[in-house]
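Report on the structure given below.
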Amino acid sequence: MDNSGTPEQRWSLSHHQSFWEQRDAKVEEQAALLAWRKFLLPENPDVVTLDPNTAHYQLVLSEDLRSVKCGPTQQNLPDTSERFSYWWCVLGQERFLEGRHCWEVEVKREVGSDSEWAVGVAKESVERKRTMLLSTAVGVWGVWYRGGQFTALTSPRTALSKSLVPRRIWVCLDCTRGLVTFLNADTGVEIFTFPPALFHGETLRPWFWVGTWKTQLCLRGSTP
């Protein structure tokens, strides 16, 4: 470094260089995020709707099957093999076997209220009737926010920083590579990517869990 000039001049030059270096680093970081997001998101994201035949009795779906929340009481619904009867879960109607897929979910909650929710992907064969620890071990790949803790449903679970908790989230599924990735839809920042999995040709479906009546999950994207 050139040591000519007064200390004040050298400090000014160093500060000026630091500013531009930080700016360039930020630009590079943003470009990397955009490239990562473009790689993960297909050109035409999937339009996902909820399957009322799978919804737990406590859940209330909107008429257009694009949002879910908890009701004040359990509904009188038929107890079929498709319906979740322990966890407050619902599946998407869409079924995926191959290719890349992505859908956006917005988490809505009352200001100042506790929020409990999870989103992700589940195997068609996921257990729906008995108690189980939700994780990849039972065929669920998701991120979960409950009790002020944000975790990925690995087995065992992986703690995530609360700074990563999104308002809007992209769920990205790559059936061919066996990858499930979650992105913050507002910033493009990667929240978590599960290690590559073997789906063994099994059908996969969007998966949602709502744990409190003050939380609502809303599916975004234009319908046909």
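Odds and ends about this structure:
- Shape call, region 57-178: gyration tensor on alpha carbons, a/c limit 1.5: rounded
- Region 85-124 shape via C-alpha gyration tensor axes, a/c threshold 1.5: oblate
- In this structure, the pairs whose alpha-carbon distance is over 18 Å, taken from LYS69/LYS214; LYS108/LYS214; LYS108/LYS129, are LYS108/LYS129.
- Region 142-201: C-alpha gyration tensor shape, a/c 1.5 cut-off, then a/b vs b/c: oblate
- Pairwise centroid distance, computed over Cα atoms, of region 58-96 with region 158-194, Å: 24 Å
FYI, it's all coordinate maths here, none of it is from the lab. Please read all numbers here as calculations on a predicted model, not as lab measurements.
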